[in-house]
Amino acid sequence: MGSILGVNLALLAGLLLVPLLGGSFLAWQIGLFLIYGVAAQGVGFAWGRGGFLPLGNALFFGLGAYGAATVLRATEGALAVNLLAMLAVALACAALAYGLAVLLFRGRIGSGPGFSLVTLALVLIAGQIAETTPALTGGFNGLSGVPPLAGIDPFGAFYYVVVALVVLVTAGLMLIERRPAGLILRALVADEGRLELLGFAPHRVKGWAFAVSAFVTALAGALFASHQGIVTPQSIGFALSTELVIWAAVGGRVSPLEPLLGAVAIGWATAMLRDSVAWWEVAVAAIFLLVVLLLPGGAMDLVARLWRRLRPVSRSKPVSPLPAPPVRVAPPPGGELRLEAVGLDAGGVRILDGLSLAAPAAGVLCVIGPNGAGKTTMLNAITGRMPIRQGRMALGGHALNGRAPHQMLRLGIARKMQVPTVFAGLTVDETLRLALLAGRMRPSDALRRAPLRWRDDGLDALLADPGVPLTAEPGKRAEHLPQGHRQMLELALTLAADPRLVLLDEPAAGMSPAETQVMVRLIRAWQARTGACAIVIEHDMALVESLATEVAVLHQGRVLAQGALSEIRADPQVAAVYAGGHK
Amino acid sequence: MKRFVIATILATGFAGSAPAEVRLGVLVPDSGPAGLFGPSSRQAAQLAAEDINATGGIAGEPVTLLFADVGVPPAQAVQSVQRLWRAEGVQGFVGMHDSAVRAAIVSQLRGQVPYVYSAVYEGGECAPDTYVTGETPAQQLAPVIPWLAEHEAAHRWYLIGNDYNWPRDTNAAAQDIIAASGGAVVGEEYVPLGSSDFDASLARIRASGADAVLVTLVGGDSVAFNIAYAAFGLDGQALRLGTLIEENTLAGIGAANAHRLFASMGFFASIDSEAARSFDARLHSRFGAEAAQPNGLGESLYDGLMLMAALGNAAGSLEPGAVAAVADGVRYSSPRGNARLDHNHVAQTIYLADGSSGQFATVARFDTVPAGVSCE
Amino acid sequence: MDTLVLFLLNATWQIAALALTALGLALVFGLLRIMNMAHGEFVMLGAYAPVLAAQWGLPALAAVPICLVLVGAIAWLVERLVVRHLYARMFDSLLATWALSILLRKGAELAFGRQFRNVAAPLDGVTRLGTVGYPTYRLAVVALVLAGLLGLWLWYRRSATGLRLRAMVDNPALAQAAGIDTARLSAVAFVAGCLMAGLAGLLLAPTLSVAPGMGLDALIRSFFALIVGGLGTLEGLGLGASVIGGLQSGLSAVFTQTAGYLGVLVLAILFLWRRPDGLYPGR
């Protein structure tokens, strides 16, 4: 929604008008809610971009406030020391948040209420400690007589310090959105499991999102100490946490401006009207309820959507492409996939039962078998989606046991899911750019613009195939693609990171015969070009005929037969158990 | 013609200026944990304003009250105070709220406007141009503990309160007073604000063999504690003395659970005096069915406003310097009785009441108890 | 010896009171997956039922029908207007019910005033158990809770409605296909959960301070009991209440109340981190 520069200049102009038009007293009043607004931006970022709801962000606000207050009191507001101290506290909060998120989200898909309740419990603990340790926090009465930063008058020039923070944070958050980090976050919210297979560990991505949220909130808290001159346990309490969530919920959490506006509008209106309008709090609660029920993105999001509809669609400037750096994988295993006596149980059922399989180092191994034989589960076991009970899995020399799905790309393993999984909300173009980040990106690339311009010959060749229509509509949202195009998009995603072993789960499911031909062509071309191995699960025997260099039949969790297709066809056991179909 | 022009000029001159009045900011808790005292506070303040105006106002000018809700976190409370001061021209503040809000207000006002604090609190407020009518621990305990030792055989005290400044400071004062009266402290404990389960504490009280318990719990915690106390039959073992138990809390505790429950405050609705009875009568005639239960915290606003009026009348204005010059020794009277400003605190009458019947019945009265706060 | 007996009785009371309070939430959050942040307010409304009965000069037992009607009507309205749309949206149900809790609290303030209310215990006095005396009313409530939970457990296992409920919770689509009216069953379950909360408030009112803001404490403790015990089963509720109640009692008795309070929070965090399904995972 607008360029970063444009939006922030408008914001700056608007905020600077406040003391001009309303006087310094109004500026002081608004200043408090701008500070709270920045904290709400922190909550909005974690919730809107990270997809998890922190119910205890006042913890970071309070840590920032108490930390700043202590140092300000000790140093009488000396500028350099306090700026350093504020930064240090904010970084400490970021580190704490990162650690928390990583610990709580590791090994789990989804951001359920557990995380929210942990943050709630933490803020309750912090509030309790703040109230009862006067030596540290001044207890219930708090730390008062806090001199403002560098002696800047809270009723005068300090407003501009607050405005500076607001603009910096808004610009920073918008920047993150526009860079690879923003793309990764949007993919995270859309489909964590798919993102994992691109080599991004969801718990670490969420860790970074939470760290940014905590950093921003802590900075707001630090300015609060100067602005108010007093820090009490309310600044680290449950009530403030819930207010931040309410402001982010009502204002919106899609863009950084929205929670800010929510905080200023509701917070300031409450301060002004609470004394004159007896039912004000009821009204706010009712508005909150209505927004949650009817406008899930927040009130401001409605405005944003209308705006988007009114504005003409902007054409992005053509950018010069950059060659993508090579994929960073562990040293090439130069070997084949080996499964030995793998056993896997789930929900009380034994799905894999002594499964032993050796895939060729190069070529296409098609795995067939009746439904429930355990084909997809085998892939789940290989990629670490489900834990195995016994057995060994290795690719070349490298053991696969106990590895997490996000480590697969590192080992050169890529997977396409049974149900074509793409990222809802990302356009085709964005999906392809994300595909090229997988396995090639360094952490420091997350904030650079260049990685979004990467192009790869192999991917370009795939997209250039006449049967692939993806380049015709780069701006179409991935979830609006028909099934066949979605399969192709996911195939592109899977192959983009130059894998050595590709696991394709029913790549042609739901496709017309013509589209199936295209898929066969693409897979064959890729295999010929890279000399790697593909394991393809399929039901369509025509596809198996045209693709397979080897076939394995799975039945009741183990390999029934493996060899060339003609051998399999002749095998009486296979005939007894399974008869494939033609499309 | 000339006379007409002069008259017009004079008339315009007078019409331009607002009618002279004194604007006072009254800070009451309409929300938050003390929100239940909002109505009684407002009503007491309004009665005080009427009484002040009936005797000529402050320095000859009528008083107008502007209310603000300060039951909110200090940052928001301070917003209201600043708004009243800078935008509405308030010349003095009277407030009944918690100490955190007081600390915030004091650091914002910095003595530029006279400020009277009327709530029961922990003592020690020495900020410039800040005056306190609220009871201090020394006031509430110094005459009462020896009385209870003599009349109710209270010698072994157990101290229990919420874990923050006011209870801790109260208990610190209590320790000295108990020792001086020949008693002993057999236990001291603090529970988090918002506790609802006191079983462990009650077991400790029983085991300690205490015959008196000093209760410095607040709000719902006080109610829950006292209910559980009586449920276990501990009222037979030890009496209870509370320094923040007023009529609402007693109603929540209920008559059945209030046997041997004493309270020590500067005001009870049932005080047997002309001033208290007429206050009660006027409250009911003025507000009718809407009249809130008078209690020590709500009524304290009346005292606070009376002090402000007395200061303003003694100094001729509410300018802080002028007020400070004449403050010491200023007197006023209220439903509580007569009070005298001693430096910046008030030596006042303290009542000890017995709540056993479910209503407070005064059993002892101590006049002119000094606040025990020394600011150098 | 006395102290030990007293401690055990206290712990039992804590556990029973917590299980009673959390029961409604176990149904609504555990089975229906609605994070009902207004749960505490339904407890509060139930606690006001005896207040109303006394106000209207009715006998104490009249509080029970008053509670059922008051809480039931509000719960039904809430389900119809708000909760119905939120069955699959957990975070939105958290926020919407949070807004509702504010509205209910304000409504109670307007209707009843903010002052504390006292509810007389129907059973007065202290029962002597050996050398130790324990409040009679508390013992009665503990007995009632045990009987009630047992009855509920049997009902859930044996009855047709219980079976339908279990089917719906396990596989809503299949249950619907099998002819179970899931919308109506969910609504009934939600209202039932709120009614249980109201009854908890009613039973516990003589032991608590009754004021419009009393719900928050009940809410938080209920949530943490369910987290530790595991969602979706009565066994889990019992376990969770036992662990939380027992821990808080124990720490408060040995150390201080603050230690008890913090200890429960730390335990909840550990469970959320290491065993998010609780001690007795339902499925």
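What follows draws every value from the coordinates through simple rules; no lab data is involved. Small disclaimer: the values here were computed from a predicted structure and weren't measured. All Cβ positions, even for glycine, are placed from backbone atoms using ideal geometry, and neighbour counts span all protein chains on display.
By how many nm would the segment from A:A95 to A:R524 grow when fully extended, if each residue of separation counts as 0.36 nm and the alpha-carbon distance is taken off?
So the extension gain works out to 149.8 nm.
Which of rounded, prolate, oblate describes chain C, given a ≥ b ≥ c as roots of the alpha-carbon gyration tensor eigenvalues and a/c under 1.5 marking rounded, otherwise prolate only if a/b is larger than b/c?
Details: a/c = 1.59, a/b = 1.22, b/c = 1.30.
It is oblate, given that a/c is not under 1.5 and a/b is not larger than b/c.
Please give the calculated 222 nm ellipticity per residue for chain A, where each DSSP H segment of at least 4 residues contributes -39500 (n - 2.57) and the sum is spread over every residue; nearest 500 deg cm²/dmol?
It lands at -17000 deg cm²/dmol.
Classify the range B:138-265 from the C-alpha gyration tensor, please: rounded if a/c falls under 1.5, else prolate or oblate depending on whether a/b exceeds b/c. Walk me through the numbers on the way to the answer.
Details: a/c = 1.36, a/b = 1.27, b/c = 1.07.
Cα axes put the range B:138-265 in the rounded bin.
Quick check: pseudo-label points 7 Å beyond the Cα along Cα→Cβ at A:L175 and B:A256, how many nm apart are they?
6.7
Rank the residues B:H343, A:H227 as a footprinting-exposure proxy: fewest other Cβ atoms within 10 Å of their Cβ go first.
By the 10 Å Cβ count, ascending, the order reads B:H343, A:H227.
Gap in Å between the Cα centre of the range A:394-421 and the Cα centre of the range A:233-281?
45
Specify which residue in the list A:L185, A:L240, B:P137 is farthest towards the positive end of the charge dipole of the protein assembly as shown, using unit charges on the beta carbon of Lys, Arg (+1) and Asp, Glu (-1), about the Cα centre.
A:L185
How many partner chain Cβ atoms sit within 10 Å of a residue's Cβ in peptide C:88-99, on average, as a whole number?
6
Taking +1 at the Cβ of each Lys and Arg and -1 at the Cβ of each Asp and Glu, which of C:V43, C:G230, C:L8 sits farthest along the dipole of the range C:2-274 towards its positive end, judged by Cα position relative to the Cα centre?
Of the candidates, C:G230 comes out farthest on the positive side.
Report, to the nearest 10°, how far helix A:299-310 tilts away from the longest principal axis of the Cα atoms in chain A, using its own Cα long axis and a range of 0 to 90°.
Its long axis makes an angle of about 60 degrees.
Among the aspartates and glutamates, select those whose C-alpha is under 16 Å from the C-alpha of A:K476, and discard any that sit fewer than 8 residues away in the same chain.
A:D429, A:E430, A:E490
Taking the Cα centre as origin and putting +1 on Lys and Arg beta-carbons and -1 on Asp and Glu beta-carbons, what dipole magnitude results for chain C, to the nearest 20 debye?
380
When you have a sec, figure out the Kirkwood radius of the protein assembly as shown from all distinct Cα pair distances and drop it here in Å to one decimal?
34.0
Going 7 Å from the Cα of C:S159 in the Cα-to-Cβ direction, what parts of the range C:118-153 have a backbone nitrogen less than 12 Å from that spot?
Backbone N within reach: C:151-153.
Just to confirm the filter: which chymotrypsin sites (Phe, Trp or Tyr not before Pro) across the range A:167-257 are DSSP coil and have at most 16 other Cβ within 10 angstrom of their Cβ?
Passing sites in the range A:167-257 do not exist.
What is the calculated FRET efficiency for B:A275 to C:M1, with r their C-beta to C-beta distance and R₀ = 51 Å, to the nearest 0.05?
0.35
With a point put 7 Å past each Cα toward its Cβ, work out how far A:R106 is from A:R308 in nm, to one decimal.
Here the modelled spin labels are 3.6 nm apart.
For B:A87 and B:R340, what is the calculated FRET efficiency with R₀ set at 30 Å and r taken between the beta-carbons, to the nearest 0.05?
On the way: r = 35 Å, r/R0 = 1.17.
Here the calculated transfer efficiency is 0.30.
For chain B, what does the relative contact order come out to in percent, with C-alpha contacts under 8 Å and a separation of six or more?
18
Once the Cα gyration tensor of the range A:114-227 is diagonalised, what are the square roots of 5 times its eigenvalues, in whole Å and ordered largest first, as equivalent ellipsoid semi-axes?
Its equivalent ellipsoid spans semi-axes of 35, 23, 8 Å.
Cα gyration tensor of the range A:463-583, axes a ≥ b ≥ c as square roots of the eigenvalues: rounded (a/c below 1.5), prolate (a/b > b/c) or oblate?
Judged from the Cα gyration tensor, the range A:463-583 comes out prolate (a/c at least 1.5, a/b above b/c).
Please give the residues of the range B:266-292, grouped as numeric ranges, whose backbone N is less than 11 Å from a label point set 7 Å along the Cα-to-Cβ vector of B:S333.
B:274-276
How many partner chain Cβ atoms sit within 10 Å of a residue's Cβ in peptide B:103-113, on average, as a whole number?
Mean shielding count: 3.
Which distance in nm do the two modelled labels at B:S356 and A:E340 give, with both placed 7 Å along the Cα-to-Cβ direction?
8.7
Assign unit charges at the C-beta atoms only (+1 for Lys and Arg, -1 for Asp and Glu), then state the dipole size of the protein assembly as shown relative to its Cα centre in Debye, rounded to the nearest 20.
Charge dipole of the protein assembly as shown: 4360 debye, to the nearest 20.
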